[in-house]
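Below is one structure, written out as structure tokens, with a few remarks after it.
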Amino acid sequence: MTLPLIIYRSLRQHALSTLVTAGSIALAAGLLLTVWVVKTQSQAVFAATNSGFDAVLGARGSKLQLVLNSIFHVETSPGNISAADFEMLRRNPMFAGAIKHALPIAVGDSYHGWRIVGTVETLFDEIEYAPGRRYAFASGRNFKLGTEEAVVGAYAARQLGWKVGSTFHPQHGVGGDHDHEELYTVVGVLEPTNSPVDRVIWIPLEGLQTMSGHNPLAKTEISAVLIQLRASTAGLMMNNVLNQSGGKLTFAYPIGTIVAELFNKIGWVDRVLTLVAWLVAAVAAGSVLVSIYNSMSARQRDIAILRALGARRRTVFGAVLGEAAVIGALGAAAGFAVFAILAAVVASIVRAQTGVVLEPWQWHPVLAWGPAALAGLCALGGLVPALKAYRVPVAETIAPVS
Amino acid sequence: MLDVVQLRKTFVAPDGERVEIVNVPAFALGAGAQLGLRGESGSGKTTFLHLIAGILAADSGTVNVDGETMTTLGEAERDRLRAAKIGYIFQSFNLLQGYTVIENVVLGMSFGPRGADRGHARELLERVGLGTRLHHFPRQLSTGQQQRVAVARALANRPRLVLADEPTGNLDRKHAHDSLRLIREVCRENGAALLLVSHDESVLREFEQVQDFAQINAALRGQS
């Protein structure tokens, strides 16, 4: 009980500096956890996000750009391919046997920043966007080809305030240059899928191809083909045939690996953020050192009294070290509150920008070792003042010699 | 109970010269005895008490407390012996300001062999008239009350020897008299020997046995 009492009383005596120091550690812990969790979560979630498709076929260019545009509905399209290429895919016996589903999409229009994608009814009727999970309608129904009907993702519908019966004029380009003449009516709102699909306004394929003001060539072109394969070996075969033939097509497969490339490319950002987080943690540990060290002159007398009462040097050393560790632990615990706020903000931004839902509270080892390492770092910061406490000269400090 | 033989302590003065502060060829105090030690300021009596308590290490000589030779022990063992067998009442009380009255006493006990005994601490504080001030902080007490806390703390571990360094120096005459009586009574009740140093003749007059530190400390004779 001696050591806890000494630590508790010391913390109480220096309550303000304890709070300020613990607060700075909480910020450091929150930042460290947020950087780490968001980094690992986003890599895992983005790599696993494929909306149920194994590959994308598109115009010759960057596979990453093709995947980002077709699956995540960000970035610009690398270009169009002709409808004939799509037909080739369906009719070529070599490919036809390998493909379970091939869905054409057309992109290029939007509504106040929300992307409009043209596709076929099959997407919502037959495709599983995740194993065992098909698209479901929160209200309404699927669109019909040949009509000016739209199905809206859950997030977009909520943000736009749309429900079944809402109408809109598509706007040209992803920046929305001008309104098209066509008036589309929302006939279905999807249940949330926690995927990029939630951010998209879906209309029939030919609606986008034949939209007023579009290049007449668009009628015979599509932006990409989303492909579900029967087996992964088929993907390798198609990869060889379509990518290495030097043709005009790009076959992006497998999607997860291509997305992982993105994180490899921006890996330096992760490293910088992690470095910043650790620097903040080091500064927090330094603040423990400074706050306790600065109060050592005031504490010397108490330490000398304790020593005169029989406390060993190692007891007062342990008390100061323990105090630093407790401040670190308090800060690290409060860091979870900071993490909750920061992670919620980051997760909402990621969701708004990509439709992908991060779950920051999903178990990750950093949630245990991060705060523990920080508390340990703070305890290390207590070493210097603890050594000072260890060396306090009792006789000189406790009373004037007579 | 307490035997001091050829005890010497020197310090290095700011001019680099080594100055002898304590040189006590022989000094003894029996179990349960109470002795007033007369000494002027700067006579080295606090250093003498520090050497007995093991707060300072002697240059040479021996201090034997209740059968254990303090001067041959390492620092940690001296700390243990002090916590177990010696109670110390300081002139300025040296109470821990951030701790309550009972915590001051309990903390003093916790370094001794019996460990913290809140019940005994409470009894002692009631004995010195502070039963209603257990959870007050020192700054909330009068000077006399603070001194009584220091007395209770010094006796909390049932020490065999109590060292008191000008314990009434900060009190007025009336409170000094009451306080001294209390210290002597409580030491007697607890069977502890008392060595009290003071330069105040009115305090020393209360003792049946008084010695002059100048006669014990050969270092003072050398300086004169």
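The values are calculated or read from the model by the stated rules, or taken from the named source; none is laboratory data. This is a predicted model, so every value here is computed, not measured. For neighbour counting, all protein chains shown are included, and Cβ atoms are generated from backbone atoms with ideal geometry for every residue, glycine included. We work out accessible area using only protein heavy atoms, side chains counted, and drop any ligands, DNA or RNA first. Shrake-Rupley method; radii C 1.70, N 1.55, O 1.52, S 1.80 Å.
Structural remarks
- Residue in the range A:372-382 that is open to solvent by 50 Å² or more (accessible area, probe 1.4 Å) and more than 30 Å from A:Gln41 (Cα to Cα) present: yes
- In the set (1) open to solvent by 40 Å² or more (accessible area, probe 1.4 Å); (2) touching a Gly at 6+ places or on another chain (Cβ under 7 Å); (3) over 25 Å from A:Val45 (Cα atoms), A:Glu128 fails one condition alone, (3).
- Count of the range A:1-59 residues which are within 14 Å of another protein chain (Cβ to nearest Cβ) and either crowded, with 23+ Cβ neighbours inside 10 Å or touching a helix residue (DSSP H, G or I) at 6+ places or on another chain (Cβ under 9 Å) (or both): 16
- Of all residues making up the range A:304-325, the number that are facing another protein chain (nearest Cβ under 10 Å), hydrophobic (A, V, I, L, M, F, W, C) and part of a helix (DSSP H, G or I): 4
- Extreme residue, most open to solvent (accessible area, probe 1.4 Å), among residues of the range B:119-144 that are in contact with a Gly (Cβ under 8 Å, 6 or more places away or on another chain) and more than 14 Å from every other protein chain (Cβ to nearest Cβ): B:Arg122
- Leading residue by the ranking (nearest to B:Ile55 (Cα to Cα)) among those in the range A:286-303 that are open to solvent by 10 Å² or more (accessible area, probe 1.4 Å) and away from chain B (no Cβ under 14 Å): A:Ser297
- Where helices (runs of 4 or more DSSP H) fall entirely within the range B:41-115, those with at least 1 residues that are without any contact (Cβ under 8 Å) to a residue 60 or more places away in the chain, among the acidic types (Asp, Glu) and open to solvent by 10 Å² or more (accessible area, probe 1.4 Å) are at B:75-85, B:101-110.
- Count of the range B:42-61 residues which are under 15 Å from B:Glu20 (Cβ atoms), within 7 Å of another protein chain (Cβ to nearest Cβ) and of a type in the set (Ser, Thr, Tyr): 2
- Residues of the range B:77-113 that turn out to be facing chain A (nearest Cβ under 7 Å) and of a type in the set (S, T, N, Q), as a count: 4
- Restricting B:Leu195, B:Leu163 to those that are touching a helix residue (DSSP H, G or I) at 6+ places or on another chain (Cβ under 7 Å) and either surrounded by 16 or more Cβ atoms within 10 Å (Cβ to Cβ) or farther than 27 Å from B:Ala83 by Cβ (or both) reduces the list to B:Leu163.
- For A:Tyr129, the criteria (1) in contact with a strand residue (DSSP E or B) (Cβ under 6 Å, 6 or more places away or on another chain); (2) touching a residue at least 12 places away in the same chain (Cβ under 8 Å) hold in every case but one, which is (1).
- Condition check for A:Arg312 on (1) surrounded by fewer than 20 Cβ atoms within 10 Å (Cβ to Cβ); (2) at pLDDT below 90: one failure, at (2).
- Subset tally (residues that are on the phi < 0 side of the Ramachandran plot and in a loop (DSSP other than H, G, I, E, B)) for the range A:143-198: 24
- The residue that is modelled with the lowest pLDDT, among those in the range A:173-200 that are surrounded by fewer than 22 Cβ atoms within 10 Å (Cβ to Cβ) and among the charged types (D, E, K, R), is A:Asp177.
- Extreme residue, farthest from A:Val326 (Cα to Cα), among residues of the range A:258-271 that are β-branched (Val, Ile, Thr) and exposed (fewer than 12 other Cβ atoms within 10 Å of the Cβ): A:Ile266
- Output for the range B:24-40, where each listed residue is among the aliphatic types (A, V, I, L, M) and surrounded by 19 or more Cβ atoms within 10 Å (Cβ to Cβ): B:Val24, B:Leu29, B:Leu35, B:Leu37
- Residue pairs whose Cβ atoms lie under 8 Å apart, sitting 6 or more positions apart in sequence or on different chains, and linking a residue in the range B:145-158 that is within 15 Å of A:Gly310 (Cβ to Cβ) and modelled with pLDDT of 90 or more to a partner that is open to solvent by 10 Å² or more (accessible area, probe 1.4 Å) and hydroxyl-bearing (Ser, Thr, Tyr), are B:Ala154/B:Tyr88.
- Filter result for the condition that a residue is hydrophobic (A, V, I, L, M, F, W, C) and either in contact (Cβ under 8 Å) with a residue 12 or more places away in the chain or not assigned by TED's automatic domain parsing to the domain that holds A:Ala29 (or both), over A:Ala375, A:Ala298: A:Ala375
- Qualifying residue in the range A:91-98 (condition: assigned to a strand (DSSP E or B), polar (S, T, N, Q), in the same structural domain as A:Asn215 (by TED's automatic domain parsing) and out of contact with any His (no Cβ under 7 Å at 6 or more places or on another chain)): no
- Yes/no for B:Ile21 being part of a loop (DSSP other than H, G, I, E, B) and β-branched (Val, Ile, Thr): no
- Residue in the range B:146-153 that is in contact with a His (Cβ under 8 Å, 6 or more places away or on another chain), open to solvent by less than 10 Å² (accessible area, probe 1.4 Å) and within 12 Å of chain A (Cβ to nearest Cβ) present: no
- Conditions (1) surrounded by fewer than 16 Cβ atoms within 10 Å (Cβ to Cβ); (2) assigned to a loop (DSSP other than H, G, I, E, B); (3) modelled with pLDDT of 85 or more; number of the one not met by A:Ser245: (3)
- Against the numbered list (1) small (Gly, Ala, Ser); (2) assigned to a strand (DSSP E or B); (3) under 16 Å from the mean Cα position of the chain (by Cα), B:Ala31 comes up short only at (2).
Rundown of residues vs (1) at pLDDT 95 or above; (2) part of a helix (DSSP H, G or I); (3) surrounded by 22 or more Cβ atoms within 10 Å (Cβ to Cβ); (4) of a type in the set (A, V, I, L, M, F, W, C), yes/no style:
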| position | (1), (2), (3), (4) |
| --- | --- |
| A:Gly328 | no, yes, yes, no |
| A:Ala337 | yes, yes, no, yes |
| A:Val356 | no, no, no, yes |
| A:Glu359 | no, no, no, no |
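- Test: residue in the range A:390-398 that is touching a residue at least 12 places away in the same chain (Cβ under 8 Å), β-branched (Val, Ile, Thr) and outside any helix (DSSP H, G or I): yes
- Test: residue in the range A:84-97 that is surrounded by fewer than 16 Cβ atoms within 10 Å (Cβ to Cβ) and under 30 Å from A:Gly176 (Cα atoms): yes
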